[in-house]
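The values are calculated or read from the model by the stated rules, or taken from the named source; none is laboratory data. Model, not experiment: these values are computed from the prediction. Ideal geometry is used to build each Cβ from the backbone, glycine not excepted, and the neighbour counts take in all protein chains shown.
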Amino acid sequence: MTSSKHHMIRPQLLFSLAVFLLISRLTAAQEIVVRDAYTGEKLQGALVSLQSAATAETRRQFSDADGKVVFTAAGKQVLSVRFTGYHTYRDTLENGMEKFTARLLPAIDSMPVVVVTAQYGAADPDEAVQQVKIISREKIDARGAQNLRELLNSETNIRIAQDQVLGSSMSLQGLSGENVKILIDGVPVIGRLNGNIDLSQINLGNVERIEIVEGPLSVNYGTNALAGAVNLISKRTQASPFSIQSDNYYESSGNYNFTGRTGGRLKRSMVSLSGGRNFFDGWSAAHDPFYVDWQPIADSTRFDEWKPREQKFATFYFCRYFDRASLGLTADVFREQIVNRGLPRAPYGESAFDDYYRTARRSLVLNYKHRLSSKYNFSTTASAGFFGRIKNRYFRDLTTLQDQLVSDAGQQDTSVFSLFMFRPVITRSADSLRFRFEAGLDMNYETASGLRIEGREKQIGDYAAYASAEYKVYKKLALRPGLRYSWNSVFKTSPVPSLSLRYEATDRWTLRASYARGFRAPALKELYFYFVDINHNILGNTALLPEESDNAQVSFTYKKAGKSNAWRLNFSGFYNDMHNMITLALVTGTEYSYINIGRYKTTGGGMNVALQRKQVQVSAGALYAGRYNELSAENDVPVFSWSPELNGSFDWKIAKTELMLAGFYKYTGRLPGYTINAAGETELLRMNDYHTADLTLSRRWWEKRLMTEIGLRNLFDVKNVASSISSGNAHNASGSSAPIATGRQYFFRVLWDLSFEKKKS
């Protein structure tokens, strides 16, 4: 009987064992090890994603101290590995593959793991629907850039203009800085002068990276985002419990900069304080590098083409983390003084008029984030920003060195602006979701006051609701429609739509295309400016209509990464058609006013290629852009004036010496235009072309706590270029030239970073 029982059980055991072996085979343990492709070093903290090819279910883990993760996998799996400082790794794992090593290729100009500008949350830049250009902290350091002007002047599709009093401004896709949104952590920077944010006032010491999105982002960010957005992402994390950093910079043109930062982390709280002082003692074309005026004399040498300026700034940040939420507070203070010393007055040169421009900017930002569930997130940002600029003219006695405030009220000016913003947003944003969305409110209240504002003070309110949704039609195609509707307290508004798509044809080829409606609200100055005296007769216009535009753009990206090299190729094109463009024009007699002049268009296309082989990375780009000639409607002139741009850069990490050699180059092509002269004939205007190039050599010491850097700026010694195109201001050195740079300069920089780890008991 016992023997019979054993004979009955044996087939069942065999069947169970067969099933167990089959299941084990189909759901084998998948071990993945992440290593550096060159050194073989095991990488801890890499984000490893495994997606089932059959069900699209995605699982994620971070690699451990041995660079290892283990999944229970069944069937074919799509592998993705991301790690800061390395190119994203992708591969397909066949069923039954138990062990696999992912070898990541280091990126000298390391791409961050995520981007956030115009996204629903942190997103892989390769998977974002919009084309996001990223300037990493590594590139900022390699360039030795101290402010946003110095950093952006080598980028294609961006032109930098310089005014020696109003500061620097930029255009993007051929559209002026009034249409470019400048953001810091998603909060607009306040303080536009003549419609532009002075880029030289935006310091980079506390910036982790910069994200640039070209094309209208009016659905996301409202007014002034018609051409695109530049978003500066601040340093908001700290690995060590306590750290101190110092950045010291000297340039032969007379720049002396110091920036410091200290931060601490205790359990669920983080706090940091950063600040610094930038000083520039002025420059003229007659100055050689390292020029110092040891015996200043009150003659014509007191006048500088590039005006002396001093900046002082500080930022305080505090963040408290909870189980599913975080609360952050940022307070920022900035002050600047520019001195415009006048030429000695004829006939005896005993006196002069000096202008002082004092700027103050303050902001307070409160940010709250809450993870409602695995799919939904809520965040809200509240900010208050204040900007003030005072211009005083003094009569200076050059024999007694006494100053007296000029009594003419037209020579003095005080302008004060404030901006209050409240922005609550809810998102459905998990990467594995087929349908994601963002919906929110964007409420802005702005005031302006000053002697040149009608009624001394004016306000404008803009209150909007917006939403966009991203739907993966199938695995390779994602569509994102969006819509913004706003109510404005001064003028009528209309809905602003957008539509973007991303199509991943293969693992290497990606197509992005978009259409967007953009708009720019008239600024308070354009609506209410009032300046009438013996020399001026300028009036605002409350009947102005918002600028609106239609934008279309397309890009193709090809990328490939091998064992020893990686390269990326991108082709792109854009077209902007603007309506109701606002400009200052002569209305009647001697009266000037802001008016809507009609249409303006820009178009262009370009390409960019980046190649990395071992420790060398090279990139090159080309752009050909056209700007609309409004005279072409009634005159025999081209519809578009075309201008080329070229740029290139290289980074070479010399392994044996640990030196980093970097170079940056840009060719800015001739910019033509047309006007009607006094004889009623069309006349060609132009701004000449020019070349700029920088070289830097740096090395990190003492376990990367210390960095020294030397550099050569403006290799081709560019100062001013001939230009018959009006800059729209009266502060440049010459009406027939445009200032570009302060000639060839040399700089030296020392940066140290001390991080103190908690002692183990």
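Looking at the stretch 235-291, which of its residues are under 30 Å from Ile338 (Cα atoms), free of Cβ contacts under 8 Å to residues at least 24 places away in the same chain and either part of a loop (DSSP other than H, G, I, E, B) or touching a Gly at 6+ places or on another chain (Cβ under 8 Å) (or both)? Once the filter is applied, which keeps residues that are under 30 Å from Ile338 (Cα atoms), free of Cβ contacts under 8 Å to residues at least 24 places away in the same chain and either part of a loop (DSSP other than H, G, I, E, B) or touching a Gly at 6+ places or on another chain (Cβ under 8 Å) (or both), the stretch 235-291 yields Phe258, Gly260, Ser284, Ala286, Asp288.
Rundown of residues vs (1) within 21 Å of Thr315 (Cα to Cα); (2) in the same structural domain as Val718 (by TED's automatic domain parsing), yes/no style:
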{"position": "Arg137", "(1), (2)": "yes, no"}
{"position": "Glu155", "(1), (2)": "no, no"}
{"position": "Asp163", "(1), (2)": "no, no"}
{"position": "Gly167", "(1), (2)": "no, no"}
{"position": "Ile202", "(1), (2)": "yes, no"}
{"position": "Val213", "(1), (2)": "no, no"}
{"position": "Pro216", "(1), (2)": "no, no"}
{"position": "Asn220", "(1), (2)": "no, no"}
{"position": "Thr237", "(1), (2)": "yes, yes"}
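For (1) surrounded by fewer than 16 Cβ atoms within 10 Å (Cβ to Cβ); (2) more than 33 Å from the chain's Cα centre (by Cα); (3) touching a residue at least 12 places away in the same chain (Cβ under 8 Å), each residue gets a yes or a no:
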{"residue": "Ile338", "(1), (2), (3)": "no, no, yes"}
{"residue": "Pro344", "(1), (2), (3)": "no, yes, yes"}
{"residue": "Arg371", "(1), (2), (3)": "yes, no, yes"}
{"residue": "Phe378", "(1), (2), (3)": "yes, no, yes"}
{"residue": "Ser415", "(1), (2), (3)": "no, no, yes"}
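Does any residue of the stretch 581-592 turn out to be modelled with pLDDT under 90, under 30 Å from Glu138 (Cβ atoms) and touching a strand residue (DSSP E or B) at 6+ places or on another chain (Cβ under 9 Å)? Looking through the stretch 581-592, none of the residues is modelled with pLDDT under 90, under 30 Å from Glu138 (Cβ atoms) and touching a strand residue (DSSP E or B) at 6+ places or on another chain (Cβ under 9 Å).
Can you pull out every residue in the stretch 369-397 that is assigned to a strand (DSSP E or B), aliphatic (A, V, I, L, M) and closer than 30 Å to Val425 by Cα?
Those that are assigned to a strand (DSSP E or B), aliphatic (A, V, I, L, M) and closer than 30 Å to Val425 by Cα: Ala382, Ala384.
Is at least one residue of the stretch 524-531 among the aromatic types (Phe, Trp, Tyr), in a helix (DSSP H, G or I), touching a strand residue (DSSP E or B) at 6+ places or on another chain (Cβ under 9 Å) and crowded, with 16+ Cβ neighbours inside 10 Å? Checking the stretch 524-531: at least one residue is among the aromatic types (Phe, Trp, Tyr), in a helix (DSSP H, G or I), touching a strand residue (DSSP E or B) at 6+ places or on another chain (Cβ under 9 Å) and crowded, with 16+ Cβ neighbours inside 10 Å.
Filter the stretch 418-436 for residues that are hydrophobic (A, V, I, L, M, F, W, C), at pLDDT 95 or above and either in contact with a Ser or Thr (Cβ under 7 Å, 6 or more places away or on another chain) or farther than 30 Å from Ser80 by Cβ (or both) and give the result. If you could, list the steps in order and put the result at the bottom.
Kept after step one, since they are hydrophobic (A, V, I, L, M, F, W, C), are these residues of the stretch 418-436: 419-422, 425-426, 430, 433, 435.
Filter once more, so that each one left must be at pLDDT 95 or above: 419-422, 425-426.
Residues satisfying the conditions are Leu419, Phe420, Met421, Phe422, Val425.
A single entry from Ala523, Ala566 fulfils the requirement of being closer than 25 Å to Val490 by Cβ, touching a residue at least 60 places away in the same chain (Cβ under 8 Å) and over 22 Å from the mean Cα position of the chain (by Cα): Ala523.
Would the stretch 604-621 turn up any residue that is among the small types (Gly, Ala, Ser), outside the structural domain of Ser136 (by TED's automatic domain parsing) and over 24 Å from the mean Cα position of the chain (by Cα)? Within the stretch 604-621, none of the residues are among the small types (Gly, Ala, Ser), outside the structural domain of Ser136 (by TED's automatic domain parsing) and over 24 Å from the mean Cα position of the chain (by Cα). Output the residue which, of all residues in the stretch 471-492 that are more than 15 Å from Leu511 (Cα to Cα) and in contact (Cβ under 8 Å) with a residue 60 or more places away in the chain, is surrounded by the fewest Cβ atoms within 10 Å (Cβ to Cβ). So the residue we want is Leu483. Put simply, of Ser737, Ser698, Ser724, Ser761 the only residue that is modelled with pLDDT of 80 or more and under 30 Å from Phe242 (Cα atoms) is Ser698. It is to be established whether one or more residues within the stretch 214-230 are assigned to a strand (DSSP E or B), among the hydroxyl-bearing types (Ser, Thr, Tyr), at pLDDT below 95 and out of contact with any Leu (no Cβ under 7 Å at 6 or more places or on another chain). There is no residue in the stretch 214-230 that is assigned to a strand (DSSP E or B), among the hydroxyl-bearing types (Ser, Thr, Tyr), at pLDDT below 95 and out of contact with any Leu (no Cβ under 7 Å at 6 or more places or on another chain).
The rows are residues; the columns are (1) free of Cβ contacts under 8 Å to residues at least 60 places away in the same chain; (2) within 19 Å of Val213 (Cβ to Cβ).
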site	(1), (2)
Glu94	yes, no
Thr101	no, no
Val114	yes, yes
Ala118	no, yes
Lys133	no, yes
Ser136	no, yes
Ala142	no, no
Gln146	no, no
Ile158	yes, yes
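Only one entry of Ala382, Ala409 meets the criterion of being modelled with pLDDT of 95 or more and hydrophobic (A, V, I, L, M, F, W, C), and that entry is Ala382. Residues that are under 28 Å from the mean Cα position of the chain (by Cα) and of a type in the set (D, E, K, R) within the stretch 622-646 comprise Arg627, Glu645, listed in sequence order. Any residue at all in the stretch 602-610 that is without any contact (Cβ under 8 Å) to a residue 60 or more places away in the chain and more than 29 Å from Gln130 (Cβ to Cβ)? No, there is no match, as no residue in the stretch 602-610 is without any contact (Cβ under 8 Å) to a residue 60 or more places away in the chain and more than 29 Å from Gln130 (Cβ to Cβ). The listed residues are Gln173, Gln245, Gln201, and the only one of them that is within 30 Å of Tyr485 (Cα to Cα), of a type outside the set (Val, Ile, Thr) and at pLDDT 90 or above turns out to be Gln173.
The single residue among Phe318, Phe334, Phe313, Phe322 that is modelled with pLDDT of 95 or more, loosely packed, with under 15 Cβ neighbours inside 10 Å and not charged (D, E, K, R) turns out to be Phe318.
Looking across the stretch 40-90, the residues that are buried (at least 17 other Cβ atoms within 10 Å of the Cβ) and of a type in the set (Phe, Trp, Tyr) come down to Phe71, Phe83, Tyr86, Tyr89. Please go through the stretch 590-637 and give me each residue that is within 30 Å of Gly540 (Cα to Cα) and touching a Leu at 6+ places or on another chain (Cβ under 9 Å), ordered by number. Passing the criteria: Glu591, Tyr592, Ser593, Tyr594, Ile595, Asn596, Tyr600, Thr602, Arg627. Scan the stretch 49-82 for residues that are assigned to a loop (DSSP other than H, G, I, E, B) and closer than 11 Å to Ala102 by Cβ and the total you get is 2. Taking the criterion of being hydrophobic (A, V, I, L, M, F, W, C) and within 22 Å of the chain's Cα centre (by Cα), the residues of the stretch 306-320 that qualify are Phe313, Ala314, Phe316.
The residues of the stretch 626-662 that are of a type in the set (A, V, I, L, M), closer than 30 Å to Glu683 by Cα and at pLDDT below 95, listed by number, are Leu631, Ala633, Val637, Val639.
Each residue in the stretch 148-169 was checked for being in a strand (DSSP E or B) and out of contact with any Leu (no Cβ under 6 Å at 6 or more places or on another chain), and 7 of them qualify. Looking only at strands (runs of 3 or more DSSP E) that fall completely inside the stretch 652-733, which ones have 3 or more residues that are of a type in the set (D, E, K, R) and touching a helix residue (DSSP H, G or I) at 6+ places or on another chain (Cβ under 7 Å)? Passing ranges: none, list empty. Within the stretch 239-260, identify whether any single residue is among the charged types (D, E, K, R) and in the same structural domain as Phe313 (by TED's automatic domain parsing), and answer yes or no. Scanning the stretch 239-260, I find at least one residue that is among the charged types (D, E, K, R) and in the same structural domain as Phe313 (by TED's automatic domain parsing), so the answer is yes. Going through (1) of a type in the set (Val, Ile, Thr); (2) part of a helix (DSSP H, G or I); (3) modelled with pLDDT of 80 or more one by one, Ile23 falls short only on (3).
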